[in-house]
1. Could you tell me which residue of segment 113-134 is most open to solvent (accessible area, probe 1.4 Å), considering only residues that are of a type in the set (S, T, Y) and touching a residue at least 40 places away in the same chain (Cβ under 8 Å)?
2. Restricting the search to segment 330-386, which residues are part of a helix (DSSP H, G or I), open to solvent by 60 Å² or more (accessible area, probe 1.4 Å) and without any contact (Cβ under 8 Å) to a residue 12 or more places away in the chain?
3. Quickly run through segment 424-450 and pick out the residues that are open to solvent by less than 10 Å² (accessible area, probe 1.4 Å) and aromatic (F, W, Y).
4. For the subset of segment 387-423 comprising residues that are among the polar types (S, T, N, Q) and farther than 30 Å from K146 by Cβ, which member is most open to solvent (accessible area, probe 1.4 Å)?
5. Name the single residue that is nearest to V523 (Cα to Cα) among those in segment 291-313 being outside any loop (DSSP other than H, G, I, E, B) and hydroxyl-bearing (S, T, Y).
6. Check segment 516-531 and report whether any residue there is in a loop (DSSP other than H, G, I, E, B) and either farther than 25 Å from A179 by Cβ or touching a residue at least 24 places away in the same chain (Cβ under 8 Å) (or both).
7. Might you let me know whether segment 55-78 holds any residue that is assigned to a helix (DSSP H, G or I), open to solvent by less than 60 Å² (accessible area, probe 1.4 Å), among the β-branched types (V, I, T) and within 21 Å of S442 (Cα to Cα)?
Amino acid sequence: FKQKTAYEISLGLVGSEMCIRDRFIINQFKIRPMLKEIQNLFLGSAPGWYKSIIISFLVINPILLFILNSAGLNGNFIIGWVFLIEFIFTLALALNCYPLQPGGLLALQAIVLGLTSTKSVFHEIENNLEVILLLVFMVAGIYFMKNLMLTIFTKLLLNVRSKTTLSLMFCISAAVLSAFLDALTVTAVLIGVTIGFYRIYHTVASGKNFSDQSHDYHNDGALNPVSIEELEKFKGFLRDLVMHGAVGTALGGVCTIVGEPQNLLIATIAGWEFTEFFLRMAPITMPVFFAGIITCVLIEKFSIAGFGNQLPSNIRGIFNDYAVYRNENITSKDKAELFIEIIVALFLVVALALHLAAVGLIGLSVIILLTAFKGITEEHKLGEAFHEALPFTALLAVFFAIVSVIHDQHLFTPVINYVLAQDPSTQPSLFFVANGFLSAISDNVFVATIYINEVKTAYDNNVITLEQFNNLAIAINTGTNIPSVATPNGQAAFLFLLTSSLAPLISLSYLRMVYMALPYTIVLSIVGYISINIFL
């Protein structure tokens, strides 16, 4: 203290100019550590190069917008595409940093730069409220049904020895369920079951008993080093099953009104009921479905695109031991809980199949029934069920902000105008291709909404006939559902899988998802395109 005081007195004796200069230097030494800490805190543990890229995006965007507008170009339109590409970048590197934060910063900047508005963002969220409610409540509902799901799929895993047959069952089951339920709900089941499998393995690998499965195992470092090679094989096995199931949700989801959110929208505008919708889509969807099944078999048989991973025999032994443990140690309470879950599962299937209410509200009723009858009344135990879905729900809201930019800046309008200007006989196939491409980089619900409204306007203005309108509606529905399996951007179910806690556990990155989906993308898109040319 004395030294500091003497130093300040000496500064005063030297003169005011030197005093100000030295005080500025002292303040700099105080500010620098704080700035260093802010830099370290920004985006947490994300790599330094990733942080630098995000910062460069945020710095370059307004400068580029100013330059383009000053040059008399349509800066908003160009920068809108830049924002879309930047947001896709954050999704592609989701394992380096959860996309909510960097994507959210981009969305906030887009609003500040006037590329969209908070009202437009709210409007997009409002239009997709059913999807948001589904994520919040249905995923949590499935969480409370995990014992039943794990029991069913463990028996399936043990009784079906052939990996190809098991993959086929996952794909077909997901397709059938998605046709009558919802792709996101089915994906939530797949995620829950796969995490359950991983926990069983991790329990044994960590030297714990089967009874200790309450912990969320996210740290691979806890494993015995001897088990690392075994773990990688097991991860590959789980990746195969969950990807077959995810593609299955697309194969089934395209077929019916309730399969995907845009299906209901298209059916409502076209005036089609459940049966009529299925029959009109069948000439395209049935060839695509069987092509998907054949693809599933071939890529497993010949180990294409990272598939064909087998379950190691010693890990199968772990699951056999787990099944024996469950049978020997099951209590009357366990049986009662399984019975309750079966009854509520039957209610869930009936309620979704008959569309008794919005999917999210049915999910809320599942939560109420399961927690009430299973005696789960503590708030913190209820909160655990929402951990999986809420981060993705927030990310989806950010995604709708980017969709709002697409809408307000009319980014897809040139493509729509080009397709509508073509010969009517080629329009269905062109719509299929255009919808597929745009859905792969954007969102299939948004693309379908834009296209079907444009086509309806053309029909109302007598630009196209009723028959042409129906053909284009079929092309829009199949185009937004089938080629969109190419990337996680296209379908909410794929994006949900990518950003779930399961993805890092089984090393399922954005690029790996694209690579594994590639055989399906090529085959399904070609078959869909040919079917449209033949039958429409």
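The values are calculated or read from the model by the stated rules, or taken from the named source; none is laboratory data. Everything quoted here is computed from the prediction, not taken from an experiment. Heads up, the Cβs are rebuilt from the backbone with ideal geometry, glycines too, and the neighbour counts pull from every protein chain shown. Each accessible area value is taken on the protein alone, full model and side chains, heavy atoms only, with ligands, DNA and RNA left out. Shrake-Rupley method; radii C 1.70, N 1.55, O 1.52, S 1.80 Å.
1. S117
2. S332, K333, K335, F339, I343, L346, V350, I368, A372, E379, H380, K381
3. Once the filter is applied, which keeps residues that are open to solvent by less than 10 Å² (accessible area, probe 1.4 Å) and aromatic (F, W, Y), segment 424-450 yields F431, F432.
4. Per the stated criteria, the residue is N417.
5. Applying the filter and picking the extreme gives T295.
6. No, because not a single residue in segment 516-531 is in a loop (DSSP other than H, G, I, E, B) and either farther than 25 Å from A179 by Cβ or touching a residue at least 24 places away in the same chain (Cβ under 8 Å) (or both).
7. No: zero hits.
Listed here are the residues, each with its yes/no results for (1) open to solvent by 50 Å² or more (accessible area, probe 1.4 Å); (2) modelled with pLDDT of 85 or more.
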residue	(1), (2)
F210	no, no
E229	yes, no
F234	no, yes
R239	no, yes
G252	no, yes
E260	no, no
